[in-house]
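Input: a single structure, listed below in structure tokens.
No lab work stands behind these numbers, since they all come straight from the coordinates. Remember, it's a predicted structure, so these values are computed and weren't measured experimentally. Here the Cβ positions follow ideal geometry from the backbone for every residue, glycine too, while neighbour counts run over all protein chains shown.
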Amino acid sequence: KLTPEQLSMIKKLVAAQQQCNQRSFTDRLKVTPWPQVPDPNNREARQQRFAHFTELAIISVQEIVDFAKQLPGFLELTREDQIALLKTSTIEVMLLETSRRYNPEIESITFLKDLSYNRDDFAKAGLQFEFINPIFEFSKGMNELQLNDAEYALLIAINIFSADRPNVQDQSLVERLQHTYVEALHSYICINRPNDRLMFPRMLMKLVSLRTLSSVHSEQVFALRLQDKKLPPLLSEIWDVHE
Amino acid sequence: VKDHQLLRYLLDKDEK
């Protein structure tokens, strides 16, 4: 059974996600447009595609920070712990949000309302297939679970409150906070998916896949540096390795 | 932890 507190927390999370999504919707429309130039090797078009993707990523980071700040318990953490958690979870939450927008019929990710990107589009934006393929495999796997808004929101909350992230000081508080979301998710699934007992462990294993994806992403960031593709300041701040 | 000025800004933003 879900306690009244758990029920209201889940409602709050789903509403917070929708609110953050709404807020960034207008921003998404303002990013550098995806060029319709047919020639994939056109240098300017390639730069525009890279800018398009990085600007969407920046909006996504802002959305994740806004959402985290509305997570019960998050603002109880010190600012340093908030940064330590967000620095590592951001890419994983971004990949969860990407998977949420995966359309299996066209094997594409729909970031903007009417703009979908397949694997080749990701490559045209400057990403390497060593990163693109795992993204699409993960998205396909997540899509098969058919998670609803509440399950995504809880999974994201569990992902953010991971006490084993580098530089986290108050690990026990993070762990206690994570536990409230794990318990809520477990009860929620028992009620909503009564005849699929494996769904809970299956969802937790997605968090493990995200760790692998995160290290593949670090290789992608390193490869971009080798190609002199500069990340914008916010992305560089959280993903680049600063000597 | 490095200073993460931009992330700090996003975290501070609404609370002011």
| query | Could you say whether any residue in the stretch A:72-87 is touching a residue at least 40 places away in the same chain (Cβ under 8 Å), buried (at least 21 other Cβ atoms within 10 Å of the Cβ), under 23 Å from A:Lys229 (Cα atoms) and under 16 Å from the mean Cα position of the chain (by Cα)? | reply | no
| Residues in the stretch A:215-232: is at least one out of contact with any strand residue (DSSP E or B) (no Cβ under 8 Å at 6 or more places or on another chain), over 27 Å from A:Leu127 (Cβ atoms) and polar (S, T, N, Q)? | no
| request: Just one of (1) among the aliphatic types (A, V, I, L, M); (2) more than 24 Å from A:Phe25 (Cα to Cα); (3) in contact with a strand residue (DSSP E or B) (Cβ under 7 Å, 6 or more places away or on another chain) trips up A:Ile189, so point out which. | output: (3)
| note | Scanning the stretch A:20-61 residue by residue, those in contact with an Asp or Glu (Cβ under 8 Å, 6 or more places away or on another chain) and within 28 Å of A:Gln82 (Cα to Cα) turn out to be A:Cys20, A:Asn21, A:Arg23, A:Ser24, A:Val31, A:Ile59, A:Ser60
| message | Being away from chain B (no Cβ under 14 Å), within 17 Å of the chain's Cα centre (by Cα) and among the aliphatic types (A, V, I, L, M) is the filter here; which residues of the stretch A:197-243 pass it? | response | A:Met203, A:Leu204, A:Met205, A:Leu207, A:Val208, A:Leu210, A:Leu213, A:Val216, A:Val221
